[in-house]
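Asks: Encoded as C-alpha cells, here's the structure I'll be asking about.
The values are calculated or read from the model by the stated rules, or taken from the named source; none is laboratory data. Please read these numbers as outputs of a predicted model, since none were measured by experiment. Here the Cβ positions follow ideal geometry from the backbone for every residue, glycine too, while neighbour counts run over all protein chains shown. What goes into the accessible areas is simple: the full protein's heavy atoms, side chains included, and nothing from ligands, DNA or RNA. Shrake-Rupley method; radii C 1.70, N 1.55, O 1.52, S 1.80 Å.
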Amino acid sequence: MSATPLLELRDVHTYYGNIRALKGISVAVSRGEVVTLIGSNGAGKTTTLKTVMGTLRPLRGSVSLDGRRIDGVGTDDRVRLGIAQSPEGRRIFPRMTVLENLELGAFARKDHAAIRDDFERVLTLFPRLRERLAQKGGTLSGGEQQMLAIGRALMARPTVLLLDEPSMGLSPILVETIFEIIQDINRQGTTILLVEQNARMALRVAHRGYVIQTGRIVLTGTGGELLRSDVVRKTYLGEK
Amino acid sequence: MTGRRVLTAAVIAAALVGYPFLDAALHVHTIHAVTDAMIYVMLALGLNIVVGYAGLLDLGYAAFFAIGAYAMGLLNSPVLGSPLYGHWWSFWVIIWIAAVISAVFGVIIGAPTLRVRGDYLAIITLAFGEIIPVAIRNLGDITIEVGGVRVVDRLNLTGGENGVNPVGRPYLPGHLFDETPASWYFLIIVIGLASLWAMNRMRDSRLGRAWMAIREDETAADCTGVDPIRTKLLAFALGASFSGFAGSFYAAKLQAITPGAFEFNVSIMLLCMVVLGGMGSLKGVILGGMIITLFDRLILAQMTFLVRGLGRSLGVAALTTVDLTLWRWFFFGLGLTLMMLFRPEGLAGKRVRPPRVDVDDEAEAVALAAAPPPPRAEAIPRWLRERVGANPGRDSGGRPLLEARGVVRRFGGLVAVNHVDLVIPERTIVGLIGPNGAGKTTFFNTVTGLLTPDEGTIVFRGESLVGLRPNAIVARGIARTFQSIRLFQNMTVLDNILVGEHCRLHASVAGAVFRPPSVVAEESAARARGRELLAFVGLADKADELAKNLPYGDQRRLEIGRALATEPRLLLLDEPTAGMNPRETETLTEFIGLLRRELGLSVLLIEHHMEVVMGISDRITVLDYGTRIAEGTPAEVQRDSKVIEAYLGKGYEAELTRG
C-alpha cells in the first residue's frame with residue numbers, strides 16, 4: 001500500500017437532498033483492486049458513488065484520482081479521466097437500441113480503433129447483448145439491462161468502474177453470472193468499486209471492503225475478514 | 001392559533017368590504033380593474049382543478065370561459081329571441097345553466113382526451129381552445145343548400161363575428177347593477193368566495209385525494225382502486241363549471257361579448273397565473289391571478305405614464321412615446337422565467353427544498369440498532385379482521401380463490417406468457433419465480449388488469465376478471481404492490497392509505513362539498529381506520545410526512561399498507577424485499593406469514609430472495625420464457641433439475657446440499 005491509491009476519498013461530507021448523507025468518509029482503492037462498500041438502505045453507499053462521479057458535490061473533503069484532486073471536475077470530464085459508472089436501477093436509455101446505448105458509452109472517446117476493440121470485448125463478456133443489438137433497451141429483461149448498463153460503462157474504457165447494486169432484482173443464477181463477470185472485468189485490469197446489498201457475494205469477490213453505517217465507515221478489512229466479523233454476519237448476512 | 005386565524009379572516013373581510021369605499025373616496029378608480037382581475041382569478045381557480053389537482057395540462061381552458069360567457073350571452077339577450085331574457089331573475093337562473101353547460105362541455109372535451117396524457121393531452125386541449133372561437137364565429141351565419149333548396153337560410157346561432165349585444169344585467173329588488181361599480185365587485189366576491197369554499201372542500205375529500213393520486217401516478221391509482229376515467233372526467237367537468245360562473249359574470253358585466261375575447265393568449269395567461277401562484281395551492285392561484293391581471297391593467301399603464309413623464313423632463317424623445325402595455329408578454333415571460341429559476345414551486349407552493357437537516361447521530365444509531373418492529377397479531381386493526389377476515393366468500397366450498405387457465409400474452413412476436421396455469425387456493429402463499437424476463441410481472445399485470453390476456457381465463461371467486469379495468473379488480477378484492485415502489489410521492493403517508501380505502505368509501509361530489517353527517521362520519525371513520533392500519537405496519541408516527549420523504553424500507557411497508565387498505569382477499573407482491581437488508585427481509589417475511597395466518601389472505605409472491613420464497617410459500621410456480629416449467633412445494637421445486645438449470649444455478653444447489 002505504498003503507492004498512491006488510484007481513487008481516494010478523504011474525509012468527505014456530502015448532502016443528499018437535505019440530509020447529510022456522508023459524514024466524513026475516507027475510502028481508498030488501489031490499482032487493480034475490487035473494493036466493496038456494504039451497508040443498509042440510506043447508509044450512504046450510493047451517495048459515495050455519486051460523489052466520486054461528481055453528480056453530487058461534497059461539502060467538505062477531497063476526491064482524488066491517481067493523486068490528482070478532481071472535486072472541481074465536471075461529471076462528463078471525470079468520464080474522460082477514466083471513471084465510469086453502472087448506476088443503481090440501471091438507467092439505460094430505454095428508447096435507444098442496445099447498440100446505440102453501447103455507442104453512447106464511448107461518447108467521450110475519439111480512439112475509434114480502440115472503441116471497436118472494446119465493443120468486441122463487451123460483446124464477448126455479455127454474449128446476450130450481441131443477440132439483442134438491434135433491440136430497444138427498454139424491451140430487455142432486468143438481467144439484460146444490468147448487463148447493458150455495465151457494458152455501457154465499460155465502453156468508456158474506465159480505469160475505475162463504479163458498480164451500484166448490480167445484483168438487485170436478479171435471479172440467483174444471474175447473480176452468480178454477474179459476479180463472475182465482475183471478476184473477469186477486474187482480471188482484465190479494471191479497478192472496481194462495488195456497492196452491494198448482497199454482502200455475501202460482494203465480499204466473496206472483493207479484495208477489500210468497507211462497512212458504511214449512517215454516513216460513516218464503521219469497519220474495514222479484507223473480504224474474508226469482513227465475512228467473518230460479527231457485525232457483518234449479524235447485520236448484513238442475516239445470521240443469528 | 002385559531003385566534004390568529006380568526007383575526008386574519010377578520011382583517012381580510014374588512015379589507016374586502018372596505019376596499020370599494022376607499023377606492024371611491026380616494027378617486028383612484030381601480031375598482032373595475034380589480035373586479036375584472038377577480039374574474040380571471042375565478043377562471044384560474046377552475047383551471048387549477050384540472051392542472052393543479054388532477055395534473056392534466058390544459059392549454060385550451062379559455063374555451064370553457066367562452067362557453068360560459070356565450071351561454072349567458074345567448075340565453076340572456078334579445079339578439080336571438082331567448083325567452084329567458086328580460087326577467088328580474090334571468091341572470092340568477094342562467095348563471096347556473098351556464099355552469100351546467102360548461103360542465104357538459106367539460107365532459108365532451110374530456111372524453112376523447114382520457115386515454116392520452118402529457119404532451120398529447122396538451123395538444124388536444126390546445127386544438128379545442130382554437131376550435132371554439134372559430135366555431136362561434138362561423139355559427140353566426142349558417143346556410144345549407146340541399147339540391148338547390150335552401151334548407152337553412154342565414155341561421156344565426158352565436159352572433160358570429162359581431163358577438164352578442166346587449167346582454168342582460170342582473171337585478172336585485174330596488175337595485176340595478178351598473179349604477180355603482182361596487183355592486184359588480186360585491187357580486188364577484190360572493191361568487192368567488194362560494195367557489196373557493198366548494199373547491200377547498202373538494203380538495204380535502206375522497207374526490208380530491210383521487211385527483212391527486214391520478215396526478216402522482218395514474219397506473220398506481222388505478223391499481224389502488226381509483227377509476228381514472230371517472231376521476232379525470234370529474235376534474236374536467238368541475239373545472240369547467242367554475243368557468244361557467246366566471247364567463248356568465250363577464251358577459252353580464254361587459255353587456256357584450258365577441259369571440260375575440262377567448263383566444264389562445266387567454267388560456268396561456270390563465271396557465272401563467274396557476275404556475276406563478278403555485279399549482280394546487282388555492283392561496284397561490286388567487287395571488288397569481290391578482291398579480292398578473294393587476295400588473296396588466298394598472299401597473300403597466302401607470303409605469304407608461306411615469307416613463308413618459310421621465311422622458312419629457314429628461315428630454316429623451318424615445319421615452320415620451322413608449323407604451324409599456326405593448327410589452328406585457330415580454331414582462332410575463334420574464335417574470336415566469338425568473339420564477340421557474342428561483343422558486344419553481346410558485347409563490348405559495350410548498351417549498352420543494354426544505355432546509356438542510358443534520359440528524360442527531362445518536363438517535364440515528366439507536367434507530368439502526370433497533371430492528372424494524374416485529375409484526376404482531378394483536379396490532380391487526382379490528383376492522384381489518386372483520387372486513388377481510390370474516391369475509392362471506394371464505395367458505396367457497398373448496399373452490400380456489402383464483403384460477404388462471406391457459407393464459408397467453410404476446411408482445412408483437414414475443415410470447416411473454418405462454419399458456420400458464422396458476423391456481424391460488426384460499427389462505428395460501430404461492431411463490432412465482434423464474435429468470436428475469438420469464439414473464440412473471442407480465443402475468444401479474446394480466447391478473448390485475450393492466451394487461452388483457454390474449455387467450456385464457458382468469459377467474460376470481462367464481463367471476464371472470466378478463467376485460468375488467470384494474471380499479472374494478474381491486475374492488476373485487478385483489479391488491480398489488482410494484483417491483484419499483486410506486487407511492488403517491490407528494491401526498492402524506494395517511495393520504496396514501498386513504499386512497500387505498502377509496503373504493504370502500506362512497507362520498508360523492510355533492511357529499512364532498514356539502515358534507516352531510518353521513519359523509520363526515522364516513523371520512524372520520526376512514527381516517528381512524530387508516531391510522532390503525534399505519535400502526536399495524538409500523539408507521540404510526542409518520543402519518544403526516546410526505547411519502548417521498550420516507551426511508552426505503554418504510555416506503556415498502558407503506559405500499560403494502562396501502563394495498564391492505566383496499567381490503568383485499570388476494571395480495572400480489574412483486575419483489576417486496578428487493579433492496580432490503582437481511583433483517584428487514586426477515587421481518588417482512590414474518591409479516592406476510594402473519595397476514596395469511598391471522599387474516600386468511602392469499603398471497604402471490606414474486607421474489608428473488610430464495611430464503612423468503614422457499615421459507616413461506618406453500619406452493620411455487622416456476623416460469624421460464626413465459627412457460628411454466630415446474631410447480632410444486634418448495635422442497636420439490638428446488639430439487640427440480642430444470643429449475644436449477646434455468647434459475648437457481650449450480651451454486652444454489654451446492655449450498656443446498658452443503659447446508
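Asks: Take the Cα gyration tensor of segment A:43-117, multiply each eigenvalue by 5, square-root it, and list the three semi-axes largest first, rounded to whole angstrom.
Replies: Working from the Cα gyration tensor, I get semi-axes of 25, 17, 9 Å.
Asks: Work out, step by step, the length gained on full extension between A:D76 and A:A113: first 0.36 nm times the residue separation, then minus their alpha carbon distance; give nm to one decimal.
Replies: The A:D76-A:A113 span can extend by a further 11.2 nm.
Asks: Within segment B:160-183, find all residues whose amide N lies under 16 Å from a label point positioned 7 Å from the Cα of B:S82 along Cα-to-beta-carbon.
Replies: B:160, B:163-171
Asks: Follow-up question, since we're still on this one. Kirkwood hydrodynamic radius (Cα pairs, Å) of chain B?
Replies: Evaluated on chain B, it is 28.6 Å.
Asks: Based only on Cα atoms, what mean projected area does the convex hull of segment B:194-239 have, in nm²?
Replies: 3.0
Asks: List the residues of segment B:433-478 that lose 50 Å² or more of accessible area once all protein chains are present, compared with their chain alone (1.4 Å probe, heavy atoms only, no ligands or nucleic acids).
Replies: Residues of segment B:433-478 that lose at least 50 Å² of accessible area once the other chains are added: B:N436.
Asks: Farthest toward the dipole's positive end in segment B:199-251, which of B:A220, B:L234, B:G247, given Cβ charges of +1 (Lys, Arg) and -1 (Asp, Glu) about the Cα centre?
Replies: With unit charges placed on the Cβ atoms, the residue in question is B:G247.
Asks: Same structure again: If you place +1 on the Cβ of every Lys and Arg and -1 on the Cβ of every Asp and Glu, how big does the dipole about the Cα centre of chain B come out, in debye to the nearest 20?
Replies: 900
Asks: Quick check: at a probe of 1.4 Å, how many percent of the accessible area of chain A sits on carbon and sulfur atoms?
Replies: The C+S portion of the solvent-accessible surface of chain A is 50 percent.
Asks: Take every Cα-Cα pair in segment B:10-49 and report what % of them are more than 15 Å apart.
Replies: 53
Asks: Which residue, A:T190, A:T75, A:T139, has the most motion in a Gaussian network model of chain A that connects Cα atoms within less than 10 Å?
Replies: Of the options given, A:T139 has the highest mean-square fluctuation.
Asks: Describe numerically, in nm with one decimal, the distance between label points set 7 Å from Cα along Cα→Cβ at B:R527 and at B:S464.
Replies: Between B:R527 and B:S464, the simple spin-label model gives 4.4 nm.
Asks: Please figure out what share of the DSSP beta bridges in chain A is antiparallel and state it in percent, rounded to the nearest 5.
Replies: So the antiparallel bridges amount to about 55 percent of the total.
Asks: Only protein chains counted, 1.4 angstrom probe. Which residues of segment B:562-588 are at least 30 Å² less accessible in the assembly than when their chain is isolated?
Replies: Buried on complex formation: B:G579, B:N581, B:P582, B:R583, B:E586.
Asks: Reachable aspartates and glutamates from A:K136, Cα under 14 Å, same-chain residues fewer than 8 places away excluded?
Replies: Here the aspartates and glutamates satisfying the reach criterion relative to A:K136 are A:E100, A:E103, A:E144.
Asks: Using only the Cα atoms of segment B:554-632, what do you get for the radius of gyration and for Dmax, in Å?
Replies: Cα-based Rg and Dmax for segment B:554-632 come out at 12.9, 36 Å.
Asks: Right, here's the next one. With r defined as the distance between the Cβ atoms of B:V509 and A:R57 and R0 fixed at 41 Å, what FRET efficiency is calculated, to the nearest 0.05?
Replies: Plugging the Cβ-Cβ distance into 1/(1 + (r/R0)^6) gives 0.25.
Asks: Would you please give the FRET efficiency between B:M303 and B:T452, computed as 1/(1 + (r/R0)^6) with r the Cβ-Cβ distance and R0 = 51 Å, to the nearest 0.05?
Replies: Step by step, r from the Cβ atoms, then E = 0.25.
Asks: Using a 1.4 Å probe on the protein chains only, how many percent of the accessible area of chain B belongs to carbon and sulfur?
Replies: C and S fraction of accessible area: 62 percent.
Asks: I would also like to ask the following. From the phi of every residue in segment A:166-179, what ³J(HN,Hα) in whole Hz does the Karplus formula 6.51 cos²θ - 1.76 cosθ + 1.60 yield, where θ is phi - 60° and glycine or proline is x?
Replies: Residue by residue, segment A:166-179 yields x, 9, 4, x, 9, 5, x, 5, 6, 4, 4, 4, 4, 5 Hz.
Asks: Still on this structure: Taking θ = phi - 60°, what integer Hz values does the Karplus form 6.51 cos²θ - 1.76 cosθ + 1.60 yield along segment A:30-35, in sequence order, with x for Gly and Pro?
Replies: 8, 4, x, 8, 10, 10
Asks: Another question, then. Name the residues of segment A:187-209, by number, that are at least 40 Å² less accessible with every protein chain in place than in the isolated chain; the surface is that of heavy atoms, probe 1.4 Å, without ligands or nucleic acids.
Replies: Residues passing the criterion (a loss of at least 40 Å², heavy atoms only) are A:Q197.
Asks: Taking amide H atoms as placed 1.01 Å from N in the peptide plane, list the residues 5 or more away in sequence, or in a different chain, whose amide H sits under 5 Å from that of B:A630.
Replies: It is B:V622, by chain and number.
Asks: Could you sort A:K136, A:K45 by their accessible area in this structure, using a 1.4 Å probe and putting the largest first?
Replies: A:K136, A:K45
Asks: Per-residue HN-Hα couplings for segment A:201-218, Karplus 6.51 cos²θ - 1.76 cosθ + 1.60 at θ = phi - 60°, whole Hz, x for Gly and Pro?
Replies: Once rounded to whole Hz, the list reads 5, 4, 6, 5, 8, 7, 6, 9, x, 10, 9, 10, 10, 5, x, 10, 7, 9.
Asks: Farthest toward the dipole's positive end in segment B:414-531, which of B:G437, B:I473, B:S508, given Cβ charges of +1 (Lys, Arg) and -1 (Asp, Glu) about the Cα centre?
Replies: Result: B:S508, furthest along the dipole toward the positive end.
Asks: Calculate for chain A the 222 nm mean residue ellipticity that helices alone would give, adding -39,500 (n - 2.57) per DSSP H run of length 4 or more and normalising by residue count, nearest 500 deg cm²/dmol.
Replies: -10000 deg cm²/dmol
Asks: For A:T97, which sequence-distant residues (separation of 5 or more, or a different chain) have an amide H within less than 5 Å of its own amide H, given hydrogens modelled in the peptide plane?
Replies: Here A:G137 satisfy the definition.
Asks: Buried accessible area for the A:B pair, summed, 1.4 Å probe, in Å² rounded to 100?
Replies: Chain pair A/B: roughly 2500 Å² of buried accessible area.
Asks: Using just the helices of chain B, give the 222 nm mean residue ellipticity in deg cm²/dmol: DSSP H runs with n ≥ 4 each add -39,500 (n - 2.57), and the total is spread over all residues, rounded to 500.
Replies: Dividing the helical sum by the residues of chain B leaves -16500 deg cm²/dmol.
Asks: So, one more: Could you please tell me the mean projected area of the C-alpha convex hull for segment B:514-659, averaged over all directions and given in square nanometres to one decimal?
Replies: 11.8
Asks: Something else about it: Using the heavy atoms of the protein chains alone and a 1.4 angstrom probe, what is the accessible area of chain A per residue in square angstrom?
Replies: 42
Asks: Tell me, what is the FRET efficiency for B:E645 and B:Y552 to the nearest 0.05, using R0 = 35 angstrom and their Cβ-Cβ distance as r?
Replies: The pair B:E645/B:Y552 has a calculated efficiency of 0.55.
Asks: Still on this structure, I have one more. Which residues' amide hydrogens lie under 5 Å from the amide hydrogen of A:L219, considering only partners 5 or more residues apart or on another chain, with H built in the peptide plane?
Replies: Sorted by chain and number, the residues that satisfy this are A:V211.
Asks: Would you list, by chain and number, the lysines whose Cα falls below 21 Å from the Cα of A:K23, excluding same-chain residues fewer than 8 positions away?
Replies: Within the straight-line limit of under 21 Å, A:K23 reaches these lysines: A:K45, A:K50.
Asks: Now for a different question. Can you give me the accessible area per residue for chain B, using a 1.4 Å probe, in Å²?
Replies: So chain B comes to 44 Å² accessible per residue, rounded to a whole number.
Asks: So between B:L26 and B:T143, what do we pick up on full extension, going 0.36 nm a residue minus the alpha carbon distance?
Replies: Separation in residues times 0.36 nm, less the Cα-Cα distance, equals 36.7 nm.
Asks: What is the magnitude of the charge dipole of the protein assembly as shown about its Cα centre, with +1 placed on the Cβ of each Lys and Arg, -1 on the Cβ of each Asp and Glu, and no other charges, expressed in debye to the nearest 20?
Replies: 740
Asks: Same structure, new question: List the relative contact order of chain A as a percent without decimals, with contacts defined as Cα pairs under 8 Å and 6+ residues apart.
Replies: So the answer I get is 27 percent.
Asks: In square nanometres and to one decimal, what's the mean projected area of the convex hull around the Cα atoms of chain A?
Replies: Approximately 12.8 nm², given one-decimal rounding.
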